[in-house]
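The structure appears right after this line, and notes come after that.
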Amino acid sequence: MRKSVLAAAVALSAFVSPAASAFDPDTPAGEPKPAFPVTLDSEEDATIGLAFGAAFGLAKGAEPTATREIDGRTYQFRPAAIHLLPNNVGVLLSLGSLEDAGHSEGGINAIHYLQGGPSGWRRKGEWLNLGSVGTVGNAATAWGFSDALGRNPYLVTSGGGVWQGCAISNATLTELAPDGPVDRASFTDSMSSGAGLNQKEQGFDGQITAAVPDRSFAVTYSGTRAIRQQYVLKNGKYELVGKDRIPGC
């Protein structure tokens with residue numbers, strides 16, 4: 001399944017992290033990139049062990065893995081990415097995998113807010129079950145941070161799976177508000193079918209091609225045919241205008 005690409009014609013700065021904090025020299029500073037197109041990444045960052053250890057209460061020098069039991073199931077967490085906000089606040093995304101999972105069972109995403117200071121990172125808050133996850137026990141399979149979708153940064157996650165020859169992936173936009181992250185929108189970012197018995201061969205790949213920060217955005221699909229869908233913010237959630245024209249599996 002192709003990685004999701006979110007695109008728009010705005011010349012701002014997204015995927016940009018402030019300079020790394022002096023107390024954690026391994027925290028990536030990030031390279032400046034255009035706001036759009038925004039490409040989601042699937043490469044897990046191996047340099048953010050100090051932040052991950054603070055988030056999960058690990059001993060200093062411990063391996064960056066953590067086991068957590070949630071609702072009677074055991075998840076194995078590992079660090080994926082971090083985004084630095086003003087005032088030395090870090091937002092850490094960690095991926096929780098579920099072992100011995102069924103096909104329809106997803107993993108879990110963990111988001112931690114961390115306060116940086118002279119003594120290192122200090123955990124401010126933890127939130128679970130946000131964003132998109134994959135199947136067969138996988139958490140998000142692609143992710144990225146953007147500063148161009150609203151007054152607060154957004155975490156964009158993507159995940160999906162294959163059902164009898166039909167592949168589908170959904171993207172979730174999570175606002176990183178000062179008092180905690182909130183899922184604001186979701187949409188199908190890729191779909192392809194035709195490998196299964198009696199399936200129609202078709203495929204769609206979605207991009208955010210226009211946005212008014214904190215008000216609306218549009219997703220344009222390429223593939224079998226061109227489709228454009230509009231989402232508008234209502235009562236804290238982005239709602240699709242009209243009927244969803246992207247087929248499911």
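A short reminder: the numbers here are calculations on the coordinates, not readings from a lab. These figures come from a predicted structure and were not determined experimentally. With ideal geometry, Cβ positions are generated from the backbone for all residues, glycine too; neighbour counts draw on all protein chains shown.
For the residue pair N129 and Q202, what label-to-label distance in nm results when each label sits 7 Å from Cα along the Cα-to-beta-carbon direction?
Those two pseudo-labels are separated by 3.3 nm.
Please give me the summed charge of the neighbours of G236: other residues whose Cβ is under 13 Å from its Cβ, Lys and Arg +1, Asp and Glu -1. Could you put the intermediate results ahead of the total?
Values: positive: R184, R215, K234, K237; negative: E175, D183, D214, E239.
Cβ neighbours under 13 Å give a net charge of 0.
What is segment 24-141 by shape, rounded, prolate or oblate, if you read a ≥ b ≥ c off the alpha carbon gyration tensor as root eigenvalues and call it rounded for a/c under 1.5, prolate for a/b larger than b/c, and oblate otherwise? Numbers along the way, then the final one.
Details: a/c = 2.07, a/b = 1.28, b/c = 1.62.
Here segment 24-141 falls in the oblate category.
Select from S119, S104, S42 the residue whose mean-square fluctuation is largest in a Gaussian network model of the chain (Cα-Cα springs shorter than 10 Å).
Most flexible of the set in this elastic network: S119.
Which FRET efficiency value, to the nearest 0.05, do you get for V232 and L58 by plugging their Cβ-Cβ distance into 1/(1 + (r/R0)^6) with R0 = 35 Å?
Details: r = 43 Å, r/R0 = 1.22.
Once the sixth-power term is evaluated, E becomes 0.25.
Mind telling me which of P79, P64, P181 comes out most flexible in a GNM of the chain, alpha-carbon contacts under 10 Å?
Top of the fluctuation ranking is P64.
What are the ³J(HN,Hα) couplings of segment 235-249, residue after residue, when phi is run through the Karplus curve with 6.51, -1.76, 1.60 and θ = phi - 60°? Round to Hz, x for glycine and proline.
Computed from phi, the couplings for segment 235-249 are 6, x, 10, 7, 10, 5, 8, x, 8, 6, 9, 8, x, x, 9 Hz.
What net charge do the residues around A54 carry, taking every other residue with its C-beta under 9 Å from that of A54, with Lys and Arg at +1 and Asp and Glu at -1? Provide the component values of the computation, followed by the final result.
Numbers: positive: R122, R123; negative: none.
Net local charge, A54 excluded: +2.
Out of D214, D45, D71, any idea which swings most in a Gaussian network model of the chain, alpha carbons joined below 10 Å?
Evaluated over the chain, the most mobile residue of the options is D71.
How would L85, L95 line up from fewest to most surrounding beta-carbon atoms within 10 angstrom? Provide the component values of the computation, followed by the final result.
Numbers: L85 19, L95 25.
Placing the least packed residue first, the sequence is L85, L95.
Over its Cα atoms, what ratio of radius of gyration to 2.2 N^0.38 Å does segment 167-249 give?
Working: Rg = 14.4 Å, N = 83, 2.2 N^0.38 = 11.8 Å.
In units of the globular-protein estimate, segment 167-249 measures up at 1.22.
Could you go through segment 218-234 in sequence order and give the Karplus-derived ³J(HN,Hα) for each residue, using 6.51 cos²θ - 1.76 cosθ + 1.60 with θ = phi - 60°, rounded to whole Hz, and x for Gly and Pro?
10, 10, 10, 10, 10, x, 4, 7, 7, 9, 10, 10, 10, 10, 10, 6, 9
Taking θ as phi - 60°, what are the ³J(HN,Hα) couplings along segment 85-101 by the Karplus curve (6.51, -1.76, 1.60), each to the nearest whole Hz, with x for Gly and Pro?
9, x, 6, 6, 9, x, 10, 9, 9, 10, 10, x, 9, 9, 6, 6, 8
Which value in deg cm²/dmol, rounded to the nearest 500, describes the helix-derived mean residue ellipticity at 222 nm for the chain, given -39,500 (n - 2.57) per DSSP H run of n ≥ 4 and division by the residue count? Display every interim value, and only then the final one.
Working: 1 runs with 8 residues, N = 249.
Taken over the chain, the calculation gives -1000 deg cm²/dmol.
In Å and on Cα atoms, what radius of gyration and Dmax does the chain show?
Final numbers for Rg and Dmax: 18.3, 62 Å.
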